[in-house]
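Notes for the one structure printed next.
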Amino acid sequence: MKIVVADNVFVFVSTAFVLLMSVPALAIFYAGLTKVKSMLNTIVMVVVAFGVVSLLWLMYGYSLTFSEGNGFIGDLSYLFLHGISPSDPAPAAPNLYHYLFLFFQMTFAAIAVALMAGAFVERMKFVSWIVVCIVWATLVYFPVAHWVWGGGWLSHLGTLDFAGGLTIHETSGLGALVGALLLGRRKDAMMLPSSLPLTAIGTGLLWFGWFGFNGGSALAMSPQAVSAAFVTTIAAIVGGVVWMGLEWIKFKKPTSLGLFTGIIAGLATITPASGFVDIGGGVLIGIAGALVCFWAVVWLKNRFKYDDSLDVFGVHGVGGMVGALMLALLAKPDIAGAKGLFYGGGFGQLWSELIGVVAVGVYTVVVSYAIFKVVDLWLGLRVSKEEEQEGLDETIHGEKAYVKEY
Amino acid sequence: MKKIEAVIKPFKLDDVKEALNEIGIAGMTVSEVKGYGRQQGHSELYRGAEYVVDFLPKVKVEIVVPVQKVDEVIEAITQAARTGKIGDGKIFVMDVEKVVRIRTGEEDEEAL
């Protein structure tokens with residue numbers, strides 16, 4: 001296969017879209033939900049995670065993820081991008097430049113880690129967060145992405161994950177849950193949004209970026225790319241509307257935050273399935289994402305009292321898992337060949353997805369637990385009570401989000 | 001001279017200001033304050049989690065007037081700020097010992 005210019009243009013633009021999802025979309029989405037006194041810290045956590053993981057990606061992350069290696073992890077043949085020249089075609093996608101493929105994938109690795117920050121806001125030591133980013137990307141994201149996308153054991157098993165329901169949303173969601181449990185609850189474990197309009201802008205920019213995230217994951221300017229972006233938007237709309245309706249019924253008020261949260265739940269849930277299902281599938285996945293994530297955020301979190309502060313597990317973790325399973329039901333053969341249970345594909349795909357969800361889940365929980373435990377013993381995960389009370393913007397960064405002149 | 005402090009509902013500020021202008025009160029100081037009385041607080045809902053807010057936003061209007069004007073001012077504020085619902089606020093009246101206009105040095109009622 002030859003380099004295709006149109007595909008390169010498309011994926012190049014998609015790379016910029018996915019970058020926008022972290023900086024600033026995710027950063028301000030989270031910051032708007034954080035208490036005023038710590039909102040800058042939340043922004044910095046996201047941006048720093050993006051930077052740190054991008055550098056690891058160039059050093060050894062890309063190599064561990066996308067070089068041949070074995071079923072569990074890649075090798076070091078691309079260490080420091082060794083032997084890759086800008087005009088080479090990418091082994092995983094020969095229509096694209098190798099540089100572009102690894103650049104595009106860099107933004108995925110980076111946002112996977114940045115996503116977790118939402119569970120740790122208002123109380124985590126900054127240096128410990130940086131260490132967690134480095135170790136977690138190395139021991140969780142790179143191996144799992146290799147299993148699914150880099151020719152590892154799950155890809156041989158036939159487990160599908162179009163744009164990162166397992167590799168990104170499930171891993172970061174479960175990592176966030178484990179980390180939140182080890183960090184413990186905030187002194188004031190309550191969501192007091194500093195600025196919901198900021199969260200509204202973040203929601204819109206994330207949605208926009210998801211065109212590159214899911215559409216770009218087709219790795220070509222193909223009908224599949226268009227279909228993926230289209231069903232992604234439909235799932236977002238449906239997710240938002242359903243979530244708002246659920247709130248209206250249960251709490252008597254349709255909240256703006258409910259609408260934004262439902263949109264993100266729809267986006268996260270459609271992610272693994274976006275390149276395999278049609279519009280009808282997108283609608284069903286949007287509904288399922290809103291229902292199950294709503295249950296996780298409103299009931300499950302309250303029942304078990306973990307302080308997943310901005311619902312990274314409840315929205316991304318749960319959504320990613322639900323989407324991966326639904327793709328096994330709803331994959332339509334004329335989109336990309338994958339045949340779901342409802343299209344006469346039998347239980348084979350469901351089995352592959354189930355193994356994927358369970359294996360990625362168990363691995364992520366066990367390794368994340370070890371990482372957070374060790375960092376806690378070594379550096380401590382939490383700031384002092386006084387720092388938490390005063391707010392992390394002043395105590396860690398020496399700044400305030402809004403400065404009064406007198 | 002007496003100082004009159006009225007704690008009122010924020011959206012009633014314009015009405016109160018106009019009512020005071022009509023009876024010839026030329027100046028006032030206002031501030032955004034928070035508090036609660038019988039009305040108690042209210043609750044907000046974020047992703048289904050209830051946040052109970054004890055203190056409600058109010059506006060405090062402060063004016064200083066000659067003794068003989070006090071009843072008229074109280075009447076004007078009461079009329080303008082009343083909705084008849086709980087949470088309309090309160091008026092406090094207290095003595096003022098001395099007033100000085102900084103620009104001219106005028107004192108007491110001359111300075112009002």
Computed for chain B: size of charge dipole around the Cα centre, +1 on C-beta of each Lys and Arg, -1 on C-beta of each Asp and Glu, debye to nearest 20, value 520
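What's the FRET efficiency of A:GLN389 with A:ASN302 using the Cβ-Cβ distance as r and R₀ = 22 Å, to the nearest 0.05?
Values: r = 24 Å, r/R0 = 1.11.
It comes to 0.35.
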Table column - 3J(HN,Hα) (Hz), the range A:207-216, Karplus curve with 6.51, -1.76, 1.60, x for Gly and Pro
4, 4, x, 5, 4, x, 5, 8, x, x
Post the alpha-carbon centroid distance, the range A:350-379 to the range B:1-67, in whole angstrom.
54
Angle in degrees between helix B:70-81 and the longest Cα principal axis of chain B, rounded to the nearest 10:
30
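If each DSSP helix of 4+ residues adds -39,500 (n - 2.57) and the sum is divided by the residues in chain B, what number results at 222 nm, nearest 500 deg cm²/dmol? Could you put the intermediate results ahead of the total?
Numbers: 2 runs with 22 residues, N = 112.
About -6000 deg cm²/dmol.
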If you take the charge dipole of the range A:5-397 about its Cα centre, with +1 on Lys and Arg Cβ and -1 on Asp and Glu Cβ, which of A:PRO24, A:ASN8, A:SER195 is farthest toward its positive end?
A:SER195
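Can you give the FRET efficiency for B:LYS85 and A:TYR402, using 1/(1 + (r/R0)^6), R0 = 30 Å, r = Cβ-Cβ distance, to the nearest 0.05?
Details: r = 33 Å, r/R0 = 1.11.
E(calc), rounded to 0.05, equals 0.35.
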When a footprinting reagent is the concern and you count Cβ atoms within 10 Å, what order do A:ARG123, A:ARG382, B:ARG82 take, fewest first?
B:ARG82, A:ARG382, A:ARG123
What does the extension gain come out to for A:LEU379 and A:PHE347, with contour length at 0.36 nm per residue minus their alpha carbon separation?
6.8 nm
Evaluate the distance, in nm, between pseudo-label points positioned 7 Å from the Cα of A:LEU55 and of A:LEU192 along their respective Cα→Cβ axes.
3.5
Packing-wise, with mean Cβ within 10 Å as the measure, how do A:321-329, B:40-48, A:163-171, A:126-134 rank, highest first?
A:163-171, A:321-329, A:126-134, B:40-48
If you count, for each residue, the other Cβ atoms within 10 Å and average over each peptide, how do A:92-104, A:299-311 line up from highest to lowest?
A:92-104, A:299-311
For chain A, calculated [θ]222 nm from helices alone, where every DSSP H run of n ≥ 4 adds -39500 (n - 2.57)
-18500 deg cm²/dmol
Ascending count of other beta-carbon atoms within 10 Å, so fewest first, for A:ARG185, B:ARG103
B:ARG103, A:ARG185
Sorted by chain and number, the residues with a modelled amide H under 5 Å from that of B:LEU56, at a separation of 5 or more or across chains, are B:GLY35, B:TYR36
Which residues does the label zone of B:GLU50 cover in the range A:151-193, counting backbone N under 11 Å from a point 7 Å along Cα→Cβ?
none
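Quantify how strongly other chains surround peptide A:292-303 by giving the mean number of their Cβ atoms within 10 Å of each of its Cβ atoms.
Working: counts 0, 0, 2, 0, 0, 3, 3, 1, 0, 3, 2, 0.
Partner-chain Cβ atoms within 10 Å, mean over residues of A:292-303: 1.
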In units of 2.2 N^0.38 Å, the Cα radius of gyration of the range A:5-397 is 0.92
As I understand it, the value is the acute angle between the Cα axis of helix B:13-22 and the longest principal axis of the Cα atoms of chain B; what does it come to in degrees, rounded to 10?
20
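Counting other beta carbons within 10 Å of each residue's own, what order do A:ASP7, B:ASP15, A:ASP188 fall into, fewest first? Could you put the intermediate results ahead of the total?
Numbers: A:ASP7 20, B:ASP15 17, A:ASP188 11.
Fewest-to-most ranking of A:ASP7, B:ASP15, A:ASP188: A:ASP188, B:ASP15, A:ASP7.
We did not get these values from a lab; they are worked out from the coordinates using the rules stated. Every value quoted in this text rests on a predicted model; they were computed, and no experiment measured them. Glycine also receives a Cβ, built like all others from the backbone with ideal geometry; neighbour counts cover every protein chain displayed.
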